[in-house]
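What follows is calculated from the coordinates using simple rules that are stated; it is not laboratory data. Quick caveat: nothing in here was measured; it's all calculated off a predicted structure. All Cβ positions, even for glycine, are placed from backbone atoms using ideal geometry, and neighbour counts span all protein chains on display.
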Amino acid sequence: MPFPSIDPVFLRLGPLQFRWYGLMYVLGFILSYFIIRSEVRRKKLELDAEGIADLIFSMAVGVVLGGRLGYVLFYDLAAYLARPLKIFYIWEGGMSFHGGMLGVAVAAIWFARSRKLPLLQLADLAALAAPVGLGLGRIGNFINGELYGRPTDLPWGIIFPEGGPLPRHPSQLYEAFLEGLVLFFVVRWCARRIPVNGAAMAAFLAGYGLFRFFVELFRQPDSQLGLFWGFFSMGQLLSLPLFVCGVGLLWWLWRKK
């Protein structure tokens, strides 16, 4: 299948360019606000509209800073040590989910302490909203023609502009479906089946770790890293601990319930 001709820039105003990928981030944060507000009202938590907006802003900062630093540390440290100023060239791409998650964790800890709120409650709110942003972000990756999959002879293989002449797995769409849509409902279901603080966070960790590990089997490994021991990608090595911790925490919470 040919790659759909989608201009990564959806709006141009003189020298300014507005990209679909950036728009997906914005939409993700907006939808997260409404998801978190709905959950706050359902659980009658002590967090008003201004507090929710501040929480979203804190998480947004954590996602961007953590995501960028995570990419630098996990995926291409040598290149950035050689040219440190390129760390700030965010427009050239290079964001890591695992780094973004650590950034959100730091932001949540700071927010919980500053507002004197239970940390696990805030973690659950973030976990319920995160799949929406993940799904939209992967759609943005697809529009950009980046993070494509390994070569395939399946009928839905796509010839990506930067991926050479061979059709490849549209792994961005696999991730959008599993880490976005499916994970969203899994986390909500677990949060209601195990109505204790931390259940949504545990379900998110386990679900994301499992889905990311699986999709990495079809995703093209990072050229500068390749595969470790001939099989594991960096994404798999970073996701496996998330799955183990999430399953362990879910089991402990289920027994506690």
TODO: Would you list which aspartates and glutamates come within 18 Å of K256, measuring only between C-alpha atoms, while excluding same-chain residues fewer than 8 positions from it?
DONE: D124
TODO: Report the extension gain between I6 and R42 in nm, rounded to one decimal, defined as 0.36 nm multiplied by the number of residues separating them, less their alpha carbon distance.
DONE: 9.0 nm
Open item on the list: Starting from the 7 Å offset along Cα-to-Cβ, what nm value, one decimal, do you get for the label separation of R150 and F214?
Closed with: 1.7 nm
Open item on the list: Test of understanding: ordering F211, F231 by Cβ neighbours within 10 Å, fewest first, what list do you get?
Closed with: F231, F211
TODO: Give, rounded to the nearest 20 debye, the magnitude of the charge dipole that the chain has about its Cα centre when Lys and Arg contribute +1 at Cβ and Asp and Glu contribute -1 at Cβ.
DONE: 940 debye
Task: Segment I90-L119, extension gain: residue separation times 0.36 nm, minus the distance between their alpha carbons - done: 7.4 nm
Open item on the list: Test of understanding: in a Gaussian network model of the chain with alpha carbons linked when under 10 Å, which of D124, D54, D153 would top the mean-square fluctuation ranking?
Closed with: D153
TODO: Take the Cβ-Cβ distance between F57 and L166 as r, set R0 to 30 Å, and report the resulting FRET efficiency rounded to the nearest 0.05.
DONE: 0.10
Open item on the list: Using only Cα atoms and rounding to the nearest 10 degrees, what angle (0 to 90) does helix 97-115 make with the longest principal axis of the chain?
Closed with: 30 degrees
TODO: Check each of the trypsin sites (Lys or Arg not before Pro) in region 85-148 and keep only those in coil by DSSP with at most 15 other C-beta atoms within 10 angstrom; list them in order.
DONE: K116
